[in-house]
1. In the range A:289-334, what residues are free of Cβ contacts under 8 Å to residues at least 40 places away in the same chain and part of a loop (DSSP other than H, G, I, E, B)?
2. Restricting the range A:336-395 to residues that are charged (D, E, K, R) and surrounded by 18 or more Cβ atoms within 10 Å (Cβ to Cβ), which is nearest to the other protein chains (Cβ to nearest Cβ)?
3. Is there any pair with a first residue in the range A:359-375 that is without any contact (Cβ under 8 Å) to a residue 40 or more places away in the chain and on the phi < 0 side of the Ramachandran plot and a second that is of a type in the set (D, E) and surrounded by fewer than 24 Cβ atoms within 10 Å (Cβ to Cβ) whose Cβ atoms are under 7 Å apart and which are 6 or more apart or on different chains, and what are they?
4. Grab the strands (runs of 3 or more DSSP E) fully contained in the range A:97-166, keeping just those with 3 or more residues being out of contact with any Lys or Arg (no Cβ under 8 Å at 6 or more places or on another chain).
5. For A:D335, are the conditions met, namely being modelled with pLDDT under 95, more than 29 Å from the chain's Cα centre (by Cα) and closer than 20 Å to A:L294 by Cβ?
6. Can you confirm whether the range A:176-185 contains a residue that is closer than 24 Å to A:A58 by Cβ, modelled with pLDDT under 95, loosely packed, with under 14 Cβ neighbours inside 10 Å and not hydrophobic (A, V, I, L, M, F, W, C)?
7. Is it the case that some residue within the range A:344-359 is in a strand (DSSP E or B) and either within 21 Å of the chain's Cα centre (by Cα) or at pLDDT 95 or above (or both)?
8. Scan the range A:44-69 for residues that are surrounded by 14 or more Cβ atoms within 10 Å (Cβ to Cβ) and in a loop (DSSP other than H, G, I, E, B) and report the count.
Amino acid sequence: MTKPTIGFAGMTHLGLVHGVSAAEKGFQVVCFDQDHDKIKVLKEGHLPVSEPQLDELALKNSRRILFSSSASDLAKCEIVYVAPDIPTDDFGKSDLEPINKLLNLVLESARNEAVIIVLSQVPPGFSRQKLQPGRLMFYQVETLIFGCAVDRALNPERYIIGCVDPRQPLPQVYDEFLNAHNCPILKMRFESAELAKISVNMCLVATVSTANTLAELCEKIGADWAEIVPALKLDKRIGQYSYLGPSLGIAGGNLERDLATVCNFANEFGTDASVVRAWIANSKHRRDWPLRVLNEEVLRINPHAVIGVWGLAYKENTHSIKNSPSIALIKAIPDCCVQLFDPVVSADVVSNRKCISSISELDACAGVDVLVIMTPWPQFSKISPKEIAKQMKGSTVLDPFRVLDGKECRDVGLRYFTLGMPN
Amino acid sequence: MIVNLNAGPINPRRVVLFGGSGFIGHRLSSMLNNVGIDVLTLGSKDIDLSAASAVERLKQLLYSTDTVVFLSAITPDKSRSTDVFIKNLLMMKHLCEALKNKPVNHLVYFSSDAVYGQCQSFVSEDSPVAPQDLYGAMHLSREIMISELRDTPFIILRLTMVYGSGDTHGSYGPNRFFKTATQNRTINLFGCGEEMRDHIHVDDVVNITKLCVIMKSKGLLNLATGKSNSYNKVARMVANQFKNKIEIIENPRTTVITHRHYDIANLLRAFPLLSFTNIEDGVSSYQIN
């Protein structure tokens, strides 16, 4: 029996990663996008998304992947995933127009018996509204994490599937595709699945906010959050994979979307979301940590200080700058000369005449009064503090994520500031 | 969030300063004069803002190119009565009526951190307002009146504990500590003075106001330093300024301890190069008679 052909509509981060991963699992894949230029670039082997393993797997499985801008190619598929980006506004509210349009096109173009699966994140209530008589529709919770998206698509912890009736078996082709990933399949009603995704993210935000709240307290009372974290991770109720590293708040857009969705639903239905609003406020407060330290330790004394910034992406291993703390910091210091370096994101995203693009980490340090490490790219940790000190004019380093070894920095005469411990 | 409407510093044609004879107003007037800004200072002797006739008078006085800095208020040290509350509101009512008819270039309004609830220990501009006395309610009401102005861009500056030589109010904190230390050689604390407060030097307030004026800033800012100290610590700093021993008297506590800290990120975002007077330097700058 031949394996089903899987379609992915919308060559977004989500659609592309899942398409390439399905090909790696041995399925024929149709990767569709209406944007001819995007498809042309993909056919040439240039992927617009930066993810570990993605380029290699796309190349390795190229014979199984058909990139197409023709919707009629979706008729080749037994299963079609609908995966456009759902843009959010400054308040985290979703714009559903792109998915409405793409879903209509898929329903028109795919075979009547094809299984249509919404993969983009949609608010509770969306999927049931889209049901059409005689069509098979599901909502699958996506668990993409920027920076390890391919690994998670190939080895998911579980599948959460929203259905019209969770008591009914899944269509055979869909079941076959999911079972190729060897993980539990949790069926539930549409609304539960839609809220399950948000619930996962709320638990993550709760952990992040707790970590940030206590890390800030550590900075004031002489404790070191890094010493406390292992104790928490060994507690079964908290767990070894919990997000306990101190950070500069919530960024990337997806978690912010869910926070906004919960607040909006709570407003509409009269439930208490005050804790969610507190998380939002805490996130904003922690995002500004570098600005406060920079002002206190450098700019108050030297208003003409030159600032080196490593990292523009909102986190490591991604090109995304959505709600990036680095961008927020640079916007907040428009009159300062800034030397920027990010391994993936171009300095052009910053529209500030006083920002200069650097070709390397050490180039960004040349002659600066202060270095601020705003994204914990793994390669940054390989740079020796001694080399950094040699390049810099000043001696202040702000390293919120502890990319560098603090002791080593101090040993070479750098003034080292980080999250979660007194400086 | 505040926005600087001027791309760079521009001196306004004239600043009309209401309440210019007070502690902050006096210093602000001097500072603006020093940077070449023409200042018209108006006090209660020049115009009774609480009288209905003030509206017409203001319309005659104000030009569309003026920046109005509004410091006028009857402060709690004078009276906390309902009559004063109403009088303070009338002052703003009349200013707003005049500005609705005759908008000006810019309005800077001095409000107070009394608009926040007493129990809020960590405050930013996003913190919910919950005034617990008529003074706080007055400032909040005035802010709401101002927010209805459509044609005059405005900034609201919420002041925390302002200190420095020349204070006329003698409010609890460095100002009163100096006064009583000078007069009686004592400093009286509520409880042991454990409460943490953000004390901002009057020169810093004046400097930030100047920046708001020349950058034509719009929005809402708390004026604080981001660093809080206990009244006890400040009392000891004050006592150390005197050659003779000053007795610090701790009293039985009658109210619960409340603290107040500020997140000043919005202030830094507006003016990233801002610096503040250290409390130690500020306290040592008092002139001891």
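1. Filtering the range A:289-334 down to residues free of Cβ contacts under 8 Å to residues at least 40 places away in the same chain leaves A:292, A:295-296, A:299-301, A:303-304, A:321, A:327, A:330-331, A:334.
A:R300, A:I301, A:P303, A:H304, A:I321, A:P334 - these are the residues of the range A:289-334 that are free of Cβ contacts under 8 Å to residues at least 40 places away in the same chain and part of a loop (DSSP other than H, G, I, E, B).
2. Across the range A:336-395, the extreme among qualifying residues is A:D369.
3. Sorted first by the residue in the range A:359-375, then by its partner, the pairs are A:L362/A:E387.
4. Numbers: elements: A:115-118, A:136-140, A:159-163.
Where strands (runs of 3 or more DSSP E) fall fully within the range A:97-166 and carry at least 3 residues being out of contact with any Lys or Arg (no Cβ under 8 Å at 6 or more places or on another chain), they are A:136-140.
5. Details: modelled with pLDDT under 95: yes; more than 29 Å from the chain's Cα centre (by Cα): yes; closer than 20 Å to A:L294 by Cβ: yes.
The answer is yes for A:D335.
6. yes
7. Residues of the range A:344-359 that are in a strand (DSSP E or B), as a first pass: A:355-357.
Then drop every residue that is not either within 21 Å of the chain's Cα centre (by Cα) or at pLDDT 95 or above (or both), which leaves none.
No, there is no match, as no residue in the range A:344-359 is in a strand (DSSP E or B) and either within 21 Å of the chain's Cα centre (by Cα) or at pLDDT 95 or above (or both).
8. Matching residues across the range A:44-69 total 7.
The values are calculated or read from the model by the stated rules, or taken from the named source; none is laboratory data. The structure presented is a predicted model; accordingly, all values stated were derived computationally and were not measured. Backbone-built Cβ (ideal geometry, glycine too); neighbour counts: all protein chains shown.
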